[in-house]
1. For residues that are more than 7 Å from chain A (Cβ to nearest Cβ) and under 20 Å from residue A:41 (Cβ atoms), scanning just segment B:293-318, find the one that is least open to solvent (accessible area, probe 1.4 Å).
2. Within the set of pairs 6+ apart or on separate chains, which have a first residue in segment B:25-43 that is among the basic types (Lys, Arg), a second that is at pLDDT 90 or above, and C-beta atoms under 6 Å apart?
3. How many residues are out of contact with any Ser or Thr (no Cβ under 7 Å at 6 or more places or on another chain), buried (at least 19 other Cβ atoms within 10 Å of the Cβ) and at the interface with chain B (Cβ under 9 Å from one of its Cβ atoms) when one looks only at segment A:131-142?
4. Filter segment A:113-130 down to residues that are open to solvent by 30 Å² or more (accessible area, probe 1.4 Å) and of a type in the set (A, V, I, L, M), then give me how many there are.
5. Considering only helices (runs of 4 or more DSSP H) fully contained in segment A:178-291, which possess at least 3 residues that are closer than 30 Å to residue B:19 by Cβ?
6. Can you confirm whether residue A:233 is at the interface with another protein chain (Cβ under 10 Å from one of its Cβ atoms), in contact (Cβ under 8 Å) with a residue 60 or more places away in the chain and over 21 Å from the mean Cα position of the chain (by Cα)?
7. Every residue in segment B:187-222 that is within 13 Å of residue B:238 (Cβ to Cβ) and open to solvent by 100 Å² or more (accessible area, probe 1.4 Å), please.
Amino acid sequence: MADLAAPADREPDARGAYLALTRRRRLYSGLTLLIFVVLMASGFAVADGRNAGSFVDGWRNMLDFPADVVAEAWEKRAEMPALLWRYVPALIETLNIAALASLLGFFGGLGLSLVSTQGLAPFPRLIPVFRRIMDVLRALPEIVVALVLIFIMGSGPVPAMIAIALHTAGALGKLYSEVNENADLKPVEGLQSVGASWGQRMAYGVIPQVAPNYLSYGLLRFEINIRASAILGFVGAGGIGYELRNSMTFGLGKFDEAAAIFVMLFLTIVVVDQLSSQLRNRLTQGREIAP
Amino acid sequence: MTDAALETPGARHAAAVRRIAAKRRVALAVPAAILAYLVYVFFAFDIPGLAERARLDNAATLVADSYSHKVHVTRDNRSGEITVAKEGERKGTFPPEMEPDWIARDDGGARVALEDGHEVIFGPDNTAVYLHPEVGRIEARASRADGVEIGRAPETLPDWVSYSSARLDIRTDAGRLTMTRSRTEAYRYFFGWELFWFTLDSPYYDRTPAEILFGPRLDEARPNLVGAWADFWGNNVWRHADVAWAMLETILMAFLGTFGAAVVALPLGFVAAKNFTPLMTLRFGARRVFDFLRGVDALIWTIVLSRAFGPGPLTGALAILFTDTGSFGKIFSEALENVDDKQIEGVSSTGARPVQRYRFGVIPQVMPVLLSQVLYFFESNTRSATVIGAITGGGIGLLITQAIITQKDWEEVTYYIILIVLTVMAMDWLSGILRRRLIKGDAG
């Protein structure tokens, strides 16, 4: 009987403790929510105060500019196909910047990830150094690197390409080293036992395991890089962004050109997005083995 | 290929050979394609022409400026007046009593000691002499009528001297002397950023930290620490207060944009998720909204919004908000489609209303995933906010582009870059900690 009584005695305690815990948790999440709301509201007030135009006034003008652009584009709709055609070379330049930057960044990230993963690195002591290098590469805004390089090399696609490639190497290096950590080390040990060099161990033991993930992240990065390359064009690095800025600074009268560029950029991003997401699905979910 | 076809060993062997041959073709084709692309880009980007356009002297100035500064000793050749100023700027001009001791003024001229025993003498009648310990004297004279004349035959000049009748430029590792018709200027280089802590008009200029902390009052009116802080914060060359505000604005843009987008995207995510919205058209509509928001690039949003709201942090925040609402909507709806129905059933079996079902059956399941995504975006948006700030004109992005465009204040550019990199790395670290806590589930 005494055995049965004991749990019954403890029960009110347990129940009270549980309720107290729940109350405390609710209080904490309520407080967190409150702090969040206050931060958002005051942050919004500060940003609104420091902005040139206020939110309330701007909100009503939001559609003015798109309306102007659409109106002018509609007026000159007959010339639209010719305009679109005219900007194809600029678009190709933007795509080339993104593609080459992704390619170079891919190889850079590959190398950086291998030398900064525990168990794979040829010089384990230097792992923190390579990690910090990747952190800095990721933290540097492309626009800054591009502008500095434009000062040295003159304007053109190369500064933008280098800027994006550096960032890509840092970003992919981090992702890839996370992938590498999940790689099975047995093939590497096997290769080591037959006297394979570091390069051979990586090429035959690690890369085949991680390649699908690498390619999938690389494709995602290519998507991101197209946007980045358009933005860098806007500050003078060539490509479609540069054309956009020219037509924007001209203002009313050239808005049909701006509209054409908007349409091209939008379509490109959507198409690449769709293609790469299909490819990525195939890569990560595996495809049936071809005969 | 069916299993039946692979039954005989011969057929298996043939299949294996085919597969290996196919792989070999791919292994050769991929590098070949990459190589062909590189060759194409080499010409499309005009790399050979780049070598001609590249200005390596610009690179040298940039690197030197980023870690050192120079003091200009300038003589106006019309009035004969000599001024000493850091970087030749008005704000860095030394008052006569504070002039450094390597400049000795004498009647109508001055002797400027450079490093390694080099010396420049500003003589009377607009003459100047560069004394090189090994090469000897290089004398020069500027006049309105004849321009710049030098005291030896131009052919005998070393290659670090460039001379024409309009301009003489002597550059050595110890310093530099330039002379034109209107002015003569000697430079001496120093390590470090000039006037970073205090400007010349501050009583704390050129004092050691120990003097400021423990020494007697340098300014009678204020305690040293208070005064030093006020003078540092109000430094009108580096404008530390403005820079801090700009950095804060950038972080604010990222914060408002990211979390605002998350708040907007959460309800929309429910609308776009298959298991919460049975109505096909509604779901389809929400998804197309996300696609549109993402497809219209941040660049276009920035331009459209800055037309309506003008430059500033609010415009940047809204640009991030619009773009990320699309990304979050997609991610959130996918996460919501993967929730476990059992918990929701359990909650509804207790008689919960729909709102309670979401609050207790769904949100606890998806919250850690969603929050960790949001934090991840917050970190990367700190960097994007710099770029957007450069376009709309707000935050540190504006300051850094302005500093780069003037093409002379590279030490400020370096300062801003260091600040940005440190801030982004701090955000990375912070969001990493929070994400790990969320995934482990410590925070309720």
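The values are calculated or read from the model by the stated rules, or taken from the named source; none is laboratory data. Source: prediction; values computed, not measured. We place every Cβ from the backbone using ideal geometry, glycine too, and count neighbours over all the protein chains shown. All accessible areas refer to the heavy atoms of the entire protein, side chains included, with ligands and DNA or RNA removed. Shrake-Rupley method; radii C 1.70, N 1.55, O 1.52, S 1.80 Å.
1. The selected residue is B:316.
2. Partner pairs satisfying both residue conditions: none exist.
3. The number of residues fulfilling the criteria is 4.
4. 2
5. Here the list reads A:186-193, A:198-201, A:207-232, A:255-285.
6. No: the conditions fail for residue A:233.
7. Result: B:197, single match.
Quick grid of which residues meet (1) surrounded by 15 or more Cβ atoms within 10 Å (Cβ to Cβ); (2) farther than 30 Å from residue A:156 by Cβ; (3) in contact with a His (Cβ under 7 Å, 6 or more places away or on another chain); (4) at pLDDT 85 or above:
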residue: B:34; (1), (2), (3), (4): no, no, no, yes
residue: B:39; (1), (2), (3), (4): no, no, no, yes
residue: B:59; (1), (2), (3), (4): yes, no, no, no
residue: B:81; (1), (2), (3), (4): no, yes, no, no
residue: B:88; (1), (2), (3), (4): yes, yes, yes, no
residue: B:98; (1), (2), (3), (4): no, yes, no, no
residue: B:107; (1), (2), (3), (4): no, yes, no, no
